[in-house]
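Input: a single structure, listed below in structure tokens.
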Amino acid sequence: LVAVGASEGKIIPVENHNPAQEATALDVLRDISMGTKTTPEIGPGTKVLVYGGGNVAYDVARSAVRLGAEVSVVCLESREKGQMTADDEEIDQAAEEGVKLYSGYSNSGFSTDENGKVTGLNCFAISDFRFGPSGLEVDKVEGSEVFVPCGRLRLRPEDQPDCRVRPGDQPPRLSCGP
């Protein structure tokens, strides 16, 4: 069995997003492990937003906080309702490391400065969410708006397989011995 997982991340655009400040979780984790610099700089004094509530989101959140960043995790899923897919231990350890969690939150888009640089995400609590014919539908909790400051962004770690065929690629071959 060869289980390589999803090797391609994707970014879901949010109103006023700035691609120069974004990276996928997989790209950030790859840069950290390989010592490369293909994603926006993360370190002391940076404010990182991770949008998602699964284990990959927490991998990148905890890695960023260990590099000295101030990290916030925002996700639709409510921890109180048991909807988050990240392991409880991962969430608890991240909180101990200083990661701020906004579970059960959606957003109305990013705020930007006069140069188009993202300064934070405008969020609001939700009582429920579902995916309907027109996409994501949320039930907003009135008066629950909160601004989550950020400078380096990572939007939803929704990984997908990289199925592109590149020049020179050979079809994968697996063989099993006796």
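Readers should treat all values here as calculations from the given coordinates under stated rules, not as data from a laboratory. It should be emphasised that the depicted structure is a prediction, and the values quoted were computed from it without experimental measurement. Cβ sites come from the backbone with ideal geometry, for glycine too, and all protein chains shown count toward neighbours.
Setting aside same-chain residues fewer than 8 positions from Lys117, which lysines have a Cα under 19 Å from its Cα?
Result set, ordered by chain and number: Lys47.
If the chain between Asp128 and Glu114 were fully stretched, how many nm would it gain, using 0.36 nm times the residue separation less the Cα-Cα distance?
1.6 nm
Using per-residue counts of other Cβ atoms within 10 Å, averaged over each peptide, order 121-131, 138-148 from highest down.
121-131, 138-148
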